[in-house]
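The values are calculated or read from the model by the stated rules, or taken from the named source; none is laboratory data. The shown structure was predicted, so the numbers you read here are calculated from the model rather than taken from an experiment. Every residue, glycine among them, receives a Cβ derived from its backbone with ideal geometry; neighbour counts consider all protein chains shown. For accessibility, only protein heavy atoms count, side chains too; no ligands or nucleic acids. Shrake-Rupley method; radii C 1.70, N 1.55, O 1.52, S 1.80 Å.
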Amino acid sequence: MKSSSRSIPRHIAIIMDGNGRWAKQRLQPRFMGHRAGVRAVEGIVKHCVATGVEVLSLFAFSSENWRRPGKEVNLLMELFSHALENQVKRLHKNNIRLNIIGDISRFSAPLQQQIADAMALTIENDGLILNIAANYGGRWDITQSVRQIANKIQSGELQPEQIDETLLASHLVTADLPEPDLFIRTGGEQRISNFLLWQLAYTELYFTEKLWPEFTAQDLDIAIESFSSRERRFGRTSEQLSGNEDA
Ligand code: IPE
Ligand code: IPE
Ligand code: MG
């Protein structure tokens, strides 16, 4: 596959789903699937760097995942903490900026500290921006943006007339980042599950049956290939885009 002939998405957002089913297929506890899922992340991050993707957003834990059995939630928290402990130095060495997006106030104090340290360490890096969505929900994101704006109106810093789409977007956790070009969900489900609701408005959606632990760099290339073949019209006509009709 010639990389020069395909267009590379600037921002890829992935719902990493299917860890539990991957483990079940192997008669292993769900936790083993989550562990394998962390390993899969390493390969995909590396491939995004090699491919020239600017932003990678990974859904690691949704605001609804607290509804899972307490034991699984605790193991996921431990896994997150271990992954930070083991990976942050390597990410930093590779010039990757790590950004945790989500309501981290619900995490334990030590985990919150670890997150703050990891983000501070890598804040100057200008390579890949790696967003890890943890206790993230698209509705939460829009709500917290609106709350910030309401506070600014209350203090007189903003007038209600100034509220527009650009202002709302600039208070989302992804402010300053390009919107996702390509959304990938592994594991066969075809839904958004409260991921980046606002930001996905014009994103190309790609669903695959592959379970997350078995999603490889080659699978990512296949998704990018699919993305390359799509015509993104953003409301215009196909003729307008090809220049065959007056804009
Ligand atoms: C995704 O895998 C990881 C998290 C939600 C943390 P799942 O755990 O949802 O795996 P399935 O969907 O049960 O197979
Ligand atoms: C979405 O997966 C969240 C993450 C991958 C972190 P879920 O497995 O929680 O989604 P639903 O419940 O099937 O919609
Ligand atoms: Mg799932």
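Being in a helix (DSSP H, G or I), of a type outside the set (Phe, Trp, Tyr) and either at pLDDT 95 or above or open to solvent by 40 Å² or more (accessible area, probe 1.4 Å) (or both) narrows it down to one residue among ILE184, ILE192, ILE142; which is it?
Among ILE184, ILE192, ILE142, only ILE142 is in a helix (DSSP H, G or I), of a type outside the set (Phe, Trp, Tyr) and either at pLDDT 95 or above or open to solvent by 40 Å² or more (accessible area, probe 1.4 Å) (or both).
Restricting attention to region 51-75, which residues are closer than 14 Å to LEU130 by Cβ and not β-branched (Val, Ile, Thr)?
GLU54, LEU56, SER57, LEU58, PHE59, ALA60, listed by residue number.
Would it be correct to say that ALA223 is out of contact with any helix residue (DSSP H, G or I) (no Cβ under 7 Å at 6 or more places or on another chain), more than 27 Å from MET32 (Cα to Cα) and not basic (Lys, Arg)?
no
Among the numbered criteria (1) under 25 Å from GLN218 (Cα atoms); (2) more than 16 Å from ligand 1 (Cβ to nearest atom), which single criterion is violated by MET16?
That leaves (2) as the condition not met.
Identify the residue in region 61-76 that is within 11 Å of ligand 2 (Cβ to nearest atom) and open to solvent by 50 Å² or more (accessible area, probe 1.4 Å) and, among all such residues, is nearest to the chain's Cα centre (by Cα).
Top of the filtered list is GLU64.
Yes or no, residue by residue, for (1) surrounded by 13 or more Cβ atoms within 10 Å (Cβ to Cβ); (2) in contact with an Asp or Glu (Cβ under 9 Å, 6 or more places away or on another chain); (3) part of a helix (DSSP H, G or I):
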{"site": "LEU79", "(1), (2), (3)": "yes, no, yes"}
{"site": "ASN86", "(1), (2), (3)": "no, no, yes"}
{"site": "HIS92", "(1), (2), (3)": "yes, no, yes"}
{"site": "SER105", "(1), (2), (3)": "no, no, yes"}
{"site": "GLN113", "(1), (2), (3)": "no, no, yes"}
{"site": "ASN131", "(1), (2), (3)": "yes, no, no"}
{"site": "ALA134", "(1), (2), (3)": "yes, yes, no"}
{"site": "LYS152", "(1), (2), (3)": "yes, no, yes"}
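Let me spell it out: the conditions are (1) away from ligand 2 (no atom under 16 Å from the Cβ); (2) under 15 Å from TRP212 (Cβ atoms); (3) not in a helix (DSSP H, G or I), and VAL53 meets all of them except one. Which number is the exception?
(2)
Quick check on my filter: what residues within region 206-224 are open to solvent by less than 70 Å² (accessible area, probe 1.4 Å), outside any loop (DSSP other than H, G, I, E, B) and of a type outside the set (Asp, Glu)?
Listed by number, the residues that qualify are TYR206, PHE207, TRP212, PRO213, ALA217, LEU220, ALA223, ILE224.
Right, ARG30: open to solvent by 50 Å² or more (accessible area, probe 1.4 Å) and within 16 Å of ligand 2 (Cβ to nearest atom) or not?
Here the answer is yes, as ARG30 does meet what is asked.
Going through GLU54, GLU42 one at a time, which residue ends up being touching a residue at least 40 places away in the same chain (Cβ under 8 Å), among the charged types (D, E, K, R) and either closer than 20 Å to GLY137 by Cβ or surrounded by fewer than 15 Cβ atoms within 10 Å (Cβ to Cβ) (or both)?
Sole residue among the options that is touching a residue at least 40 places away in the same chain (Cβ under 8 Å), among the charged types (D, E, K, R) and either closer than 20 Å to GLY137 by Cβ or surrounded by fewer than 15 Cβ atoms within 10 Å (Cβ to Cβ) (or both): GLU42.
Quick one: in region 225-242, which of the residues that are open to solvent by 60 Å² or more (accessible area, probe 1.4 Å) and assigned to a loop (DSSP other than H, G, I, E, B) is farthest from HIS11 (Cα to Cα)?
Filtering first and then ranking leaves ARG236.
Looking for whichever is charged (D, E, K, R), modelled with pLDDT of 95 or more, more than 16 Å from the chain's Cα centre (by Cα) and more than 18 Å from ILE15 (Cα to Cα) here; the options are ARG97, ARG90. Which one fits?
The match here is ARG90.
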